[in-house]
Every structure is written in C-alpha cells, then in structure tokens.
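K.L.:
Submitted below is the structure of interest, expressed as structure tokens.
Just so you know, all these numbers are worked out from the coordinates, no wet-lab data involved. None of these values were measured; they are calculated from a predicted model. Because the Cβ atoms are built from the backbone with ideal geometry, glycine has one as well, and the counts that use them run over all protein chains shown.
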Amino acid sequence: MKNNFGLSEKEFEQLRLQLKSDDLLLFEKIFLSHFKDCIAYIEKNYRASYEDAYDATMDTLLDFRRRILLDKIKYGNLRYLFTKMATQVYLKNMSAKKSTMTPVGMKASIITPDEMDISVLDQSWPELSRECQDLLKLHFYGKAKLAEIADEVGKSASSIRKQKERCLGKLKNLFAKHSKAYQDV
C-alpha cells in the first residue's frame, strides 16, 4: 500500500469516483503523502534546485489528476509512476530552459571573426597539406559526414576521424604560430 500512497485498490477506485465528482480528497492524499518526497528525490538525483523540483512536481500533480479523471492511470505502484512522471517533466523543463538560455555576457548573435583572425587564417591555410585542406573543406563547408568522406576515399571512418583531428591540430598550431607573429608586429 505504501507504493500506492497508502491506498488499497478499493480505496483508490472510490477516490477516483469522488474526484470525478469534484471531491479533492485523492488530490490532497497524494499531495500530503508524496509531494515532499518527490521534490526531495528530484533535488537529490538530478541536483535540481528546490524551485525547479517543486514546479515539476506541481505540474505532475495536475497532470496526474487529469489522467486519473480520464481513466488513464490504474492502481498499482502509483508512487513510482508519479515520481517517474515528475522526473520526466523536470528533465523536459531543464532541456527547454537550456535551449533558451544565453550565457551571461554573451550576445545571442553570430560571432564573426575579426580582421586579424582572417589574416592569420589566410597565412596558416596554405601551409596545410592539400589532403588536410580537402578533408576540412568537405567536412566543415560541404557539411559531409566523416563516414561519407571515408566511403568516398576508401578509408575507414575511424581513420578519417583521426586524420581530421590531426589536420585540426596542425591548423591550430599554425594559427597559434601566425597569431604570435602577428601580435609581435
């Protein structure tokens, strides 16, 4: 019975009928028996703030009530179901919050390279091997996937991935070398 907010199956069915007639006893019973536990679970397991865990749990409480009224929730391990639903709501909320957040001090616009960066790249790029230039152009400008490039040149995807990493490393080193020379001027 603990897994079902302390309700027997008969009590759950009786309270479901009462809820349909606007009696909020089931709603209160769930709230009193599990609300704080659910918040604590989300805070502990997902390192959530109290406010975020509370919001997710409250949203779940409302959705849980709606689903009971629609006969979409049946008796059996209700506590687990409620907590799982609240966790999903929390994760969805955090995902939505993350995608709309902009780091402090960052503009929401596209960062464009300055003239020095372009000049340094113009000096660094020709020093790369033709093979590296082609690979980086295909991947970054042509938007080709590494597996597609591997098929095209007859190599394995892992060797192309390693080659790309080596080429990027060379370009970074050349960029650093020419940046330093540019700054020394």
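K.L.:
Roughly how big is the range 2-100's charge dipole about its Cα centre, with Cβ charges of +1 (Lys, Arg) and -1 (Asp, Glu), in debye to the nearest 20?
P.N.:
360 debye
K.L.:
Next question, about the same structure. Quick one: 3J(HN,Hα) in Hz for the range 159-171, Karplus 6.51/-1.76/1.60 with θ = phi - 60°, rounded, Gly and Pro as x.
P.N.:
Values per residue, Gly and Pro as x: 5, 5, 4, 5, 4, 4, 4, 5, 5, 5, x, 4, 5 Hz.
K.L.:
Pairwise over distinct Cα atoms, reciprocal of the mean inverse distance: report the Kirkwood radius of the range 2-100 in Å, one decimal place.
P.N.:
13.8 Å
K.L.:
Give the Kirkwood hydrodynamic radius (Å, one decimal) of the range 115-184, defined as one over the mean of 1/r across all pairs of different Cα atoms.
P.N.:
By the Kirkwood definition, the hydrodynamic radius is 12.8 Å.
K.L.:
What are the ³J(HN,Hα) couplings of the range 80-97, residue after residue, when phi is run through the Karplus curve with 6.51, -1.76, 1.60 and θ = phi - 60°? Round to Hz, x for glycine and proline.
P.N.:
4, 4, 4, 5, 5, 4, 5, 4, 5, 5, 4, 4, 5, 4, 5, 5, 5, 5
K.L.:
Further question: So what J values fall out for the range 51-62 if you push phi through Karplus, 6.51 cos²θ - 1.76 cosθ + 1.60 with θ = phi - 60°, rounded to Hz, Gly and Pro as x?
P.N.:
4, 5, 5, 4, 4, 5, 5, 5, 4, 5, 4, 5
K.L.:
Please list, ordered by chain and number, the residues whose modelled amide H lies under 5 Å from the amide H of Ala48; skip anything fewer than 5 residues away on the same chain.
P.N.:
Answer set, sorted by chain and number: Glu43.
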